[in-house]
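Beneath this line is the structure, given in structure tokens, with notes to follow.
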Number of protein chains: 4
Amino acid sequence: LATLDPVSASDLAALEDVARARLDRGAYDYIAGGAEDEVTMAANVAAWSALDIRPHVLRDVSAVDTSTRLLGTQVSAPVLVAPSAMHGLACEEAEAATARAAARFGTIMTLSLAANLSLEEVAAVTPAGPRWFQTYMHRDRGFTRELVQRARDTGYAAIVLTVDSPALSRRGRDIRNEFAPPSHLRVPNMPPAPSGDALDPDLLALAAAFDPAVTFEDVSLPTEWSGLPVVVKGLVRGDDASRSIAQGAAGVVVSNHGGRQLDGTIATARALPEVVEAVGGRGAVFVDGGIRSGTDVLRALALGADAVLVGRPILWGLAAGGEQGVTAVLTMLGEELARAMAFCGVTRISEIDRDLLDWADRPGRR
Amino acid sequence: LATLDPVSASDLAALEDVARARLDRGAYDYIAGGAEDEVTMAANVAAWSALDIRPHVLRDVSAVDTSTRLLGTQVSAPVLVAPSAMHGLACEEAEAATARAAARFGTIMTLSLAANLSLEEVAAVTPAGPRWFQTYMHRDRGFTRELVQRARDTGYAAIVLTVDSPALSRRGRDIRNEFAPPSHLRVPNMPPAPSGDALDPDLLALAAAFDPAVTFEDVSLPTEWSGLPVVVKGLVRGDDASRSIAQGAAGVVVSNHGGRQLDGTIATARALPEVVEAVGGRGAVFVDGGIRSGTDVLRALALGADAVLVGRPILWGLAAGGEQGVTAVLTMLGEELARAMAFCGVTRISEIDRDLLDWADRPGRR
Amino acid sequence: LATLDPVSASDLAALEDVARARLDRGAYDYIAGGAEDEVTMAANVAAWSALDIRPHVLRDVSAVDTSTRLLGTQVSAPVLVAPSAMHGLACEEAEAATARAAARFGTIMTLSLAANLSLEEVAAVTPAGPRWFQTYMHRDRGFTRELVQRARDTGYAAIVLTVDSPALSRRGRDIRNEFAPPSHLRVPNMPPAPSGDALDPDLLALAAAFDPAVTFEDVSLPTEWSGLPVVVKGLVRGDDASRSIAQGAAGVVVSNHGGRQLDGTIATARALPEVVEAVGGRGAVFVDGGIRSGTDVLRALALGADAVLVGRPILWGLAAGGEQGVTAVLTMLGEELARAMAFCGVTRISEIDRDLLDWADRPGRR
Amino acid sequence: LATLDPVSASDLAALEDVARARLDRGAYDYIAGGAEDEVTMAANVAAWSALDIRPHVLRDVSAVDTSTRLLGTQVSAPVLVAPSAMHGLACEEAEAATARAAARFGTIMTLSLAANLSLEEVAAVTPAGPRWFQTYMHRDRGFTRELVQRARDTGYAAIVLTVDSPALSRRGRDIRNEFAPPSHLRVPNMPPAPSGDALDPDLLALAAAFDPAVTFEDVSLPTEWSGLPVVVKGLVRGDDASRSIAQGAAGVVVSNHGGRQLDGTIATARALPEVVEAVGGRGAVFVDGGIRSGTDVLRALALGADAVLVGRPILWGLAAGGEQGVTAVLTMLGEELARAMAFCGVTRISEIDRDLLDWADRPGRR
């Protein structure tokens, strides 16, 4: 495996190859797979590629700056680490490695509720690094309140509230592989499982603790509890986004959970424009799902997103090279974004707009 | 074959694999195949998948109810057993097994004219279970009248009149296989064959007994004869649907016979909206063809169908595990529908509407 | 080869397989191939399949009649034999076999200028059978005049003037095969080759005799010379069709020469509607290219064609079974058309209209 | 290799096969490859093929003339040699062979800044042949000024200023091949590399000499320095084209650098119409990218281009047969154009217009 140097891997597809070779089948498939027929998962990727770019030329691009400010946090590029479960599947150091890489790159690490390290452990690793904490609303609201307050107390700057999981999806790969996380992995932020073992990652049982009765009225609770801004993650509709903001959310993430929940859901690139329009500048709009290059980041920003979240590629980097691998992924995306901006004649994030895309005549546009 | 447990088969495609392994080639192909180049058969499936879903979030979905009322009959989910010939090809118990599974699940069994059991035999198996009876209009109207009256007398709640078969289609698989049903199978509801043997399933000869001169004026005959409501099955046009209702039909089934009659016919998912619009609430609208998941059921309901009929998957279940296999299929579809509803933020069938689909801008829409 | 019975071959694709096995590579490819990248040839076939059908139900179709009248000639079905070169490549009897089959089926045989039998020889074989004669306009107008007058004198009822060949196309298969017709084949209707050998099928040399300066003004010449109606073959535009009719043509054939001339030309199914509209009933409109089933015939008629011409399938029948094979092809197409009409609820050719197609919302429609 | 006679190679694809066999992998891939996932490179080719042609018939095409005048230079056909780097990779004679073939055919040779021969050496080979010189704007404006003045002094008739390369693209093939030009190749027109060795083709280092701060204000500089007209190459937008003309450019080349810079950029065939409209006759409009046949040339002209530039095919010809091979490529394209014009009923370049394309209803049109 000496030749599988993640830092020199020339693109994300190559990094995924390295990760696939290093991970066992069950873990690889758990990360790579989606729900049902994986139609939405594939559509996410394809929808970005379908957006043709119309670069500007003859503009001074001698200094390109990818940095931007997101909910008060300065980042080196609008590329965030998406919350994803159990980084311990990919690397022994788990979320500690990811968090260090994010901090070094200068972007936000979004820690998952289902992380293998507690939010305090991750905070201790990167006390200054920008961090957000992702959670679901539990049936036991008190449990969620405590989590949110622990997040505030350990320096997480925002709460990402995932709302696309009122039911368990069926993921064929995991069923066929009879996948269960390795027994040494803990999920210390999650509530005690029915078995009484608070740390066992029996995710199905644990997911039963999420409240399917959560509504827009609950969106403001984390802020009430902690003073932290809330970002609602997992919507694809303008009306839902607008209502989330009206109920106190500071932003939304256009997401179909990477195609892991309801297969058949619209691709995020196609849903993004109506959300941007509905939010109308009243909050931040993020997007994830299928982002595989810096050019995809530019496309998302051209459609009006403030930033993107990246999930699976982070885990490929982590599997291939730990902290260094994640750094490689983030650096690659940042450099590609800078290059795409230079090719498009724009030097600042705020200059990226929809006119850079061949969008106006698409039959499927809104 | 011990491992081919249909109840644990994780989706319909896996069940079809089991069925394919168990059935002989001729029987499998008779069930699986379509007319000519099988273009319409494939288009049926693809047309549902092409409908992107736009789920709602942050609605209380702690209690999802898939039950609904169809022409006065309460069902546990809007998923009916489509009429299909000769269940004896798939299972020794034939339609008795299917009917028991439907009754247990709580949905309507539509018995085919070409069943291997008489309508009285099936009625005896599930006296209370909701049952409909499907027939063609025969040249000998008296024969059809008797069938319809026997259906009423044995508790069938509606007559499904199939109208898409004025000619014999050419099914390449059956021709290549020189397919003939096994000699032990009888089709006791059908009229005597020209050979004089009333029970021989020489379907080609028997089909000659269907009247190609049946018209809209004949739609009300079954009701006149029996008092039972009539559902006209096998149309894809708004004008034909509207006229069927005007002539006394209680409902229609948008159907191209699963792609088994005129290859090149429009996919049912594409035809459904104009039928829904034309009927305008004056009757029930059902649809079949290519439904392969609970998410497809939700799509059909979102386009305005009251319920779907499922054909081939029922037979895969039957071949794989008899009554238990059919139960598995219906349960799977019902649970998937409930899950898709939860993901979409709807808790009752009546809340499913077209706004859940990314429909408005489709170039091919009506 | 005993099992390759063309009469029992169940569809045209199977017949082509038989023909491919019987013909040598050069001859097969000469018939099967098209110009350049064969894009137009493939598009012709695909464009018919793309037209979804919306059948009517509940109409009396107990008597379906496919017969129709074309430029004064009654045919059993609107399916004509297209002019194609050198039937001797496929069958020793050459055009004599084709003509007998056409006459028996009751349709028009269009004899090609490049036939291997003289127009008098073919007339002698089917003195009563409806026949048309196809020619180009030669640089030597007197030669064309004599041909046309010989056609009239031997009972040909119309002249088909092909106008899509002002240049030689490049057909890759023939180039790679270094194809030359077998030396025993003659093309007795064509003018003497520069070599002086009037009967040598050096088609390239002979094609040089066609006049690239022929214009709309020349369309009426065959009628002036012979009194026969002229059908202009090889156009895909409404304006050209309209002008042809205005200049005295009795009809037009929408054709791109089966994809054998300018590759990249629009598929005939897509060009047909604008031609029908432009002609506006002032003349007959025929179409060829990619017709592979009776359902395709119905589609062409639904778009407004009066009849279709069939080329390659005739030659597959001829290669597979001589006269019997051609009869099988024509019978198959006629029966499929009758069946498709019954499925669509129409009993006469004149009842087939555009409303049978899902045409209105197609983005590419005119 | 005796059979690989380029002059008899029947189309460009065959010529590329010959070239692939003759070149080493690194050189072949350097020429054949594109940026990132090569999506734009493939889209360029596909976009021309997607344009269906609607030929006119019955027009006198006995004399077809492909010649035209471009910025004052008469050419035998509107097919120019695109500027491309290092012809020495394909043929020992390098640009000398290409230039001689272009002159013999009667078209413009556009010499690349990164040629393996100096502009004086190429001028000496074809003193009368029409030549243009391509360059980037260097950070050292004086260096560019000298180049442009040397071009004028040695008979180059126009300056092609490439503006699509403000950054280095990532070309996966070259990275995987660890491609470096052979050490014997010089790039004598380029500025000294940082290593001090002015002639070493370390293109990456040399590219650093290009000025990323070049703007529309700089477009007129080459004309100010030399009196030569400037053609701005590498734009895909109407606004950029319009501004280029307003700033003094004599013309523009719609180009995405053959898909070698920003992958995801719109195909040139799709971008061309808006550029033609924006320029509005105030300057010449050229296009390159994916032109693979004379029919593609006709399509480009039908969309309003004055001429096309051809890149990779020239290098396949060069690799396959040196000067003779390039002549074969140009002759083939010219003859195909003439043939396509004859098939379309047009005899002069000025008669080719958009009505020859099935363009009006395309959903993606502008």
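Structure notes:
- Scope segment A:255-282; condition closer than 23 Å to residue A:357 by Cα and of a type in the set (A, V, I, L, M, F, W, C); matching residues: A:266, A:267, A:269, A:271, A:272, A:275, A:276, A:278, A:279
- Qualifying residue in segment B:310-327 (condition: under 30 Å from residue C:298 (Cα atoms) and either at pLDDT below 95 or not acidic (Asp, Glu) (or both)): yes
- Beta carbons closer than 7 Å, at least 6 apart along the sequence or on distinct chains, pair a first residue in segment D:278-292 that is touching a residue at least 12 places away in the same chain (Cβ under 8 Å) with a second that is charged (D, E, K, R) for D:278/D:239; D:284/D:306; D:285/D:306; D:286/D:306.
- Contact map, segment C:254-265: first residue more than 13 Å from residue C:162 (Cβ to Cβ) and among the acidic types (Asp, Glu), second residue part of a loop (DSSP other than H, G, I, E, B) and open to solvent by 10 Å² or more (accessible area, probe 1.4 Å), Cβ cut-off under 8 Å, separation 6 or more or different chains; pairs are C:263/C:36; C:263/C:37; C:263/C:38; C:263/C:169.
- Verdict on residue D:228 being part of a loop (DSSP other than H, G, I, E, B), in contact (Cβ under 8 Å) with a residue 60 or more places away in the chain and more than 12 Å from every other protein chain (Cβ to nearest Cβ): yes
- Taking each residue of segment C:125-145 that is over 25 Å from residue C:311 (Cβ atoms) and looking for partners that are aromatic (Phe, Trp, Tyr) and at pLDDT below 95 with beta-carbon atoms closer than 7 Å, six or more apart or interchain, yields nothing.
- When the residues of segment C:46-57 are filtered to those that are over 17 Å from residue D:53 (Cα atoms) and more than 7 Å from chain B (Cβ to nearest Cβ), the one that is nearest to the chain's Cα centre (by Cα) is C:48.
- Lone unmet requirement of (1) of a type in the set (D, E, K, R); (2) in a loop (DSSP other than H, G, I, E, B); (3) under 27 Å from residue A:262 (Cα atoms) for residue B:69: (2)
- Check on residue A:234, crowded, with 22+ Cβ neighbours inside 10 Å, touching a helix residue (DSSP H, G or I) at 6+ places or on another chain (Cβ under 9 Å) and either within 7 Å of another protein chain (Cβ to nearest Cβ) or within 11 Å of residue A:163 (Cβ to Cβ) (or both): yes
- Single residue of segment C:182-226 satisfying the filter (out of contact with any Ser or Thr (no Cβ under 7 Å at 6 or more places or on another chain) and among the β-branched types (Val, Ile, Thr)) that is modelled with the lowest pLDDT: C:187
- Leading residue by the ranking (surrounded by the fewest Cβ atoms within 10 Å (Cβ to Cβ)) among those in segment C:142-195 that are within 14 Å of chain D (Cβ to nearest Cβ) and farther than 26 Å from residue C:235 by Cβ: C:178
- Tallying residues that are part of a loop (DSSP other than H, G, I, E, B) and over 15 Å from the mean Cα position of the chain (by Cα) within segment D:118-137 yields 6.
Table: residues versus (1) within 14 Å of chain C (Cβ to nearest Cβ); (2) of a type in the set (Phe, Trp, Tyr); (3) open to solvent by less than 50 Å² (accessible area, probe 1.4 Å); (4) not in a loop (DSSP other than H, G, I, E, B).
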| site | (1), (2), (3), (4) |
| --- | --- |
| D:15 | yes, no, yes, yes |
| D:28 | no, yes, yes, yes |
| D:41 | no, no, yes, yes |
| D:59 | yes, no, no, no |
| D:80 | no, no, yes, yes |
| D:98 | no, no, yes, yes |
| D:102 | no, no, yes, yes |
| D:110 | no, no, yes, yes |
| D:114 | no, no, yes, no |
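- Any hit, segment C:328-348, residues being crowded, with 24+ Cβ neighbours inside 10 Å and hydroxyl-bearing (Ser, Thr, Tyr): no
- Among the residues of segment D:247-258, just one is assigned to a helix (DSSP H, G or I) and within 12 Å of chain A (Cβ to nearest Cβ), namely D:257.
- So residue D:69, is it charged (D, E, K, R), at pLDDT 95 or above and in contact with a Cys (Cβ under 9 Å, 6 or more places away or on another chain): no
- Pick from segment A:281-303, criterion surrounded by fewer than 24 Cβ atoms within 10 Å (Cβ to Cβ) and more than 17 Å from the chain's Cα centre (by Cα), ranking: nearest to the other protein chains (Cβ to nearest Cβ): A:302
- Restricted to segment D:205-223, and to residues there that are under 21 Å from residue D:241 (Cβ atoms) and part of a helix (DSSP H, G or I), the residue that is farthest from the other protein chains (Cβ to nearest Cβ) is D:223.
The values are calculated or read from the model by the stated rules, or taken from the named source; none is laboratory data. Small disclaimer: the values here were computed from a predicted structure and weren't measured. FYI the Cβ positions are ideal-geometry reconstructions off the backbone, even for glycines, and counts take in every protein chain you see. Accessible surface is based on the protein model in full, side chains and every heavy atom, while ligands, DNA and RNA are left aside. Shrake-Rupley method; radii C 1.70, N 1.55, O 1.52, S 1.80 Å.
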